[in-house]
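Presented below is the structure to which this report refers.
The values are calculated or read from the model by the stated rules, or taken from the named source; none is laboratory data. Note that this is a predicted model, so its numbers are computed, not measured. Backbone-built Cβ (ideal geometry, glycine too); neighbour counts: all protein chains shown. Heads up: the accessible areas ignore ligands, DNA and RNA and are worked out on the full protein's heavy atoms, side chains in. Shrake-Rupley method; radii C 1.70, N 1.55, O 1.52, S 1.80 Å.
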Amino acid sequence: MPKSIHSTQPPLKFIPQCHNPLVVKIVSWFLPLILRVRTRPWLPAGIVNIQAKNPEVLAELYHEFQAGKVRFLIAFRHPEVEDPLSMSYLLSRIVPKVARKKGIKLKYPLHSYFIYERGMTIWAGNWLGWLFSRLGGIPVRRGKRIDRTAISKARELFATAEMPIAIAPEGGTNGHSSIVSPLEPGVAQLGFWCVEDLKKANREEQVFIIPIGIKYSYVNPPWKRIDWLLSKLELDSGLPVRKTSEISQEREEILYQRVVDLSEYLISEMEEFYRRFYHQEFPEIITSEIPTNQILITRLHRLMDTALKIAEQYFNIRPQGNFIDRCRRLEDAGWNYIYRDDIADIQSLSPFQRGLADWVAQEADLKMQHMRIAESFVAVTANYILEKPTPERFAETILLMFDMLSRIKDSTLPGRPRLGWKQAMISVGEAININERWENCQGNKQALRKGVSDLTQDLQMILEGLIKD
């Protein structure tokens, strides 16, 4: 298993937002190039085309925002790490173009503050924190029960800042363009707080949340690259490598069977790993009249539950919530063991104390790998490929298996292979008026909690509708 952390680290401090218009402008200038070469400059694998449905809705909202009539929050889907770049392109290129076409007067440049996950600077490096800070980013510790500093700053900006704020209500990527993960209630809660803050300040602006769906597809179906990646995973797993037919229907059937066989092999190997070395039990599942894909998803969920329980036992955390909730609590617990808030100065520790702290950090990082395995598959469903055997769905599923194998066999997690040029369709939904909902929830805390819950569920349904094929 990978052991990327070998010693205790300084605490993950809050990175103050420090919006710098010059940095925003420079990034905007280079955005088309960044979209094309962000990962592998020598591979045809970037985003070359971004289109939008109903961008005029966003143009009108920006016009009213700049006129002091409304406040709004952009709630966008988050299937891939490229989403912030796609959103930036929407605001800096597409919305201004449609505004000029429709005669909507706007002050430029168009931009937004945004929330990002604090752990991104761990994987990418401190430079990302510097850049995000100057682009208007606010870091949040997901999994932490209440990140008061980040929440307070987001609440303040929503009500008072010169730009809107953008948040991904899923809280993280799930690797699926066609599946929306369960939403966190933070976006809805911020909406209600903004209305409350404006009322207290005797301000008349209306508050809106505008849902935005993002869906990616390949410009040309990368069947050969998909076959190559699947062959690589079969080879890394010790399975015989099979070739895929060039005939469309046969190709999809053979690819699907290869995915099923690889999935069954990996699950069986992981079950044996946990059975032998962690003393876990995996009773046989009765297979009569149950489709193979349903059996596999049942075994996968059982395996994920086992991996999370092992990590939860180590960190003394009770299993609570869905897989995503459990993963995020474990991530925060692991970071508390590695990035030590309780140590004022690591260098002042005695060699003995430093050795113990390093030991704790190494073991915490290792235990977190169990969570990372489960985290890769939180959005996987039994019928995702069968419903629509598109190259996108094949690619997304196989790339998740690539992530899993990479975490186990490599000392560091390599970048994902890119399979071909991609295009994005960004769908702007109708703005949700929060004032109306806030007025209907006055009276007691229970009514407000229900209002936040109802708004979260409605937003979930809207986002799911925006990405339907």
Mean accessible area per residue over region 335-408 (1.4 angstrom probe, all protein chains present, square angstrom) is 42
Holding the Cα-Cα limit at 25 Å, pick out from Lys224/Lys422; Lys53/Lys199; Lys153/Lys367; Lys388/Lys409; Lys199/Lys445; Lys53/Lys422 the pairs that are longer than that.
Lys53/Lys199; Lys153/Lys367; Lys388/Lys409
Could you work out the helix-only [θ] at 222 nm for the chain, with each DSSP H run of four or more residues adding -39,500 (n - 2.57) and the total divided by the number of residues, to the nearest 500 deg cm²/dmol?
-17500 deg cm²/dmol
Could you tell me the convex hull volume per residue, in Å³, taken over the Cα atoms of the chain?
175
Could you provide, to the nearest whole Å², the per residue accessible area of region 71-190 with probe 1.4 Å?
41
By DSSP, what percent of the beta bridges with both residues in the chain are antiparallel, rounded to the nearest 5?
30
Please label the shape of region 357-442 as rounded, prolate or oblate, based on the square roots a ≥ b ≥ c of the eigenvalues of the alpha-carbon gyration tensor (a/c under 1.5 means rounded; beyond that, a/b larger than b/c means prolate, else oblate).
oblate
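For region 211-295, with every protein chain kept in place, what is the accessible area per residue (1.4 Å probe, Å²)? The partial results should precede the final answer.
Details: 5060 Å² over 85 residues.
Accessible area per residue, region 211-295: 60 Å².
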Could you work out the relative contact order of the chain? I mean the mean sequence separation of Cα pairs under 8 Å and 6+ apart, divided by the number of residues, in percent.
30
Computing the accessible area with a 1.4 Å probe over protein heavy atoms, can you report the carbon and sulfur percentage for region 125-199?
54
Rounded to one decimal in nm, the spacing of the 7 Å Cα→Cβ label points at Val260 and Leu235 is 2.6
Quick one: Debye curve from the alpha-carbon atoms of region 223-371 only, equal weights, vacuum; give me log10 I(q)/I(0) at q = 0.12, 0.16, 0.20 Å⁻¹ to two decimals.
-0.71, -0.99, -1.20
